[in-house]
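Shown next, in structure tokens, is the structure this report addresses.
The values are calculated or read from the model by the stated rules, or taken from the named source; none is laboratory data. In this text the structure is predicted, and so the values were computed from the model without any measurement. Positions of Cβ are backbone-derived with ideal geometry, glycine not excepted, and every protein chain shown enters the neighbour counts.
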Amino acid sequence: MSHLINERKCKLPIACKISLLVIPLVASLSAGAQAFVKLRTQGGEALRWGSSQVTVTLHQDLAPQISDGSDEVAVREGFRAWERVADSDLSFRFDDAPASRARADWASDDVHMVWFDPNDSSGFFSQGTGLVAITPIDFNPQTGEITDADILVDARRTFSTRGDADAFDLQSVITHEVGHLLGLDHSPVHGSTMTPVPALGDTRLRSLSPDEEAAVRALYPAANAYGALTGVLRRGDGSVVVGAHVVAENLDGEPTAATLSNPDGTFLLEGLPPGDYVVYAEPLIDTFDTRRFDVRTQQRGIDTDFGVTFWGPSGKASDPLSPAQAGVSVGETRSLGSITLRAPGSLHRTKLDSVALEPGDSYRLRAQGSGLTGTRRFYVTGRAGSTPRLSDTIVGLSNGSVKVEIPTTAQPQLHSIRIVNPSNGDCWVLTGGLEVRDPGPILTEISPRQLSAAGERITLRGARLSSGAKVLIGSWLLNTSGSGDQLSFNAPELGAGTYDVTIENPDGRIATLRGVLEVAG
Ligand SMILES: [Ca+2]
Ligand SMILES: [Ca+2]
Ligand SMILES: [Zn+2]
């Protein structure tokens, strides 16, 4: 990929590739894990805007195949997801002046645009690049202050705002790109919004993971209600380890924040709610294609010559099946000191896919690799009682599998998967590799189907309609009241025509009724 560096500014295009994968009922992203990674200058300064209010301009023409105005709703919601993070004062101001929205000079520093490139005039989307969207960032190479960033989208791709399985979910793509615009790199946390490969039909990137919330709190803080963990990673010979993925996992077994270790081996896990955490370092091997990091993060190096290591008191590694916990209090940056990483073990993973399941689901989790023989244990993180239940483990020479059952009472969250050799502590981990999510909403009926006046009360019937769900009709995104099998809302001003009606639960799962609402002329 091209990156331009000159004396005044650096330009850093962040490329987001596509996967040809179509997501079936059980999702399988080809990369993932839960953690945030900041973009940095060569000197190590994190990229961030100088102000926590960023003004952005949506070009007047967005996704060309979406004609009902819902593309603009999706783009705005992609920004709002980051604004809603608690205890961050980040906000976006949309410059909606028609003259601004008509500008085509996205590259100018004085405008930060969302722009759909119709014919590759930007040069980023030539055939074979596989790019869906890209966010070139200009920044001051000394301070890391972002001076311009623009989200460019290949307008020739197929996008949907209503959950079409054969299209990219526009809101997911924009939510991901806004993460880059704010100074975040791709994340090795599976199931996170900053995972580098958007998949067709997947709306999960709409909702931020805890790691991304920690990132926004750390980059654009509003309150000092959080703590941090720091330390330095070393090999047995004392040399420092660079680019290790360091994860803080809370007592629910969810990756709360993660980062890569710095060129001097240090790490800083920020934005942690006060509490106790399991802390581990994993090599980004198999789990994550390190080429998906941007060029600047790559320059820091990604060491992989160590084994997964769980922190323990006095620098000793702890047992992956019952790891030690480190407590953090409000405002504290707690040092874990020097952590000696284990030597690479005999376990080598070649395949272990992430998965998204719903309460009540059962699923056979399969792993392929070497060193699997013997008494290897599968382990899924979680609190006693709500943890996915594992049974019927089968382990062969080069593959293993285990039956996973999600309790019907399980709450939505990310879990991590570990495969452990209890005799010597060797471990694989797939950080955030098992997502439990609520079943999506179902829509069956709308009444009335014909609208006579704006303000009329409309009722939707179906199942699993969550409190706080929003309804998308044309270019309107509306609040609803009710939950369960019935929601209602006031009809907006709509021109004559036939409309699709989409409901979005707060977790980003959606359902659509096509062409069900008629408005007379
Ligand atoms: Ca610009
Ligand atoms: Ca999500
Ligand atoms: Zn990306």
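Points worth noting:
- Segment 158-171, subset part of a loop (DSSP other than H, G, I, E, B) and out of contact with any Phe, Trp or Tyr (no Cβ under 6 Å at 6 or more places or on another chain), residue surrounded by the most Cβ atoms within 10 Å (Cβ to Cβ): 161
- Identity of the residue in segment 125-155, part of a strand (DSSP E or B) and β-branched (Val, Ile, Thr), that ends up farthest from ligand 3 (Cβ to nearest atom): 147
- Residue satisfying all of: in segment 185-201; more than 9 Å from ligand 3 (Cβ to nearest atom) and out of contact with any His (no Cβ under 7 Å at 6 or more places or on another chain); nearest to residue 85 (Cα to Cα) among these: 192
- Yes/no for residue 115 being farther than 25 Å from residue 493 by Cβ, within 12 Å of ligand 1 (Cβ to nearest atom), aromatic (Phe, Trp, Tyr) and surrounded by 15 or more Cβ atoms within 10 Å (Cβ to Cβ): yes
- Residue check, residue 58 crowded, with 20+ Cβ neighbours inside 10 Å, away from ligand 3 (no atom under 16 Å from the Cβ) and hydrophobic (A, V, I, L, M, F, W, C): yes
- Residue within segment 185-201 that is surrounded by 24 or more Cβ atoms within 10 Å (Cβ to Cβ) and more than 17 Å from the chain's Cα centre (by Cα) present: no
- Extreme residue, nearest to ligand 3 (Cβ to nearest atom), among residues of segment 156-169 that are under 19 Å from residue 125 (Cα atoms), touching a Leu at 6+ places or on another chain (Cβ under 8 Å) and of a type outside the set (Gly, Ala, Ser): 168
- Residue list for segment 199-226, filter: closer than 18 Å to residue 355 by Cβ and within 12 Å of ligand 2 (Cβ to nearest atom): 202, 203, 204, 205, 207, 209
A quick yes/no check of all residues on (1) in a strand (DSSP E or B); (2) within 16 Å of ligand 1 (Cβ to nearest atom); (3) closer than 25 Å to residue 51 by Cα:
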{"site": "187", "(1), (2), (3)": "no, no, yes"}
{"site": "213", "(1), (2), (3)": "no, no, yes"}
{"site": "225", "(1), (2), (3)": "no, no, yes"}
{"site": "228", "(1), (2), (3)": "yes, no, yes"}
{"site": "246", "(1), (2), (3)": "yes, no, no"}
{"site": "253", "(1), (2), (3)": "no, no, no"}
{"site": "257", "(1), (2), (3)": "yes, no, yes"}
{"site": "264", "(1), (2), (3)": "no, no, no"}
{"site": "271", "(1), (2), (3)": "yes, no, yes"}
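- Of the residues making up segment 392-433, those that are out of contact with any Gly (no Cβ under 9 Å at 6 or more places or on another chain), over 25 Å from residue 207 (Cα atoms) and either outside the structural domain of residue 368 (by TED's automatic domain parsing) or outside any strand (DSSP E or B) (or both) are 396, 397, 422.
- Residues of segment 118-149 that turn out to be among the aliphatic types (A, V, I, L, M), modelled with pLDDT of 85 or more and away from ligand 1 (no atom under 12 Å from the Cβ), as a count: 3
- Assessment of segment 232-241 against the conditions (hydrophobic (A, V, I, L, M, F, W, C) and without any contact (Cβ under 8 Å) to a residue 60 or more places away in the chain) yields at least one matching residue.
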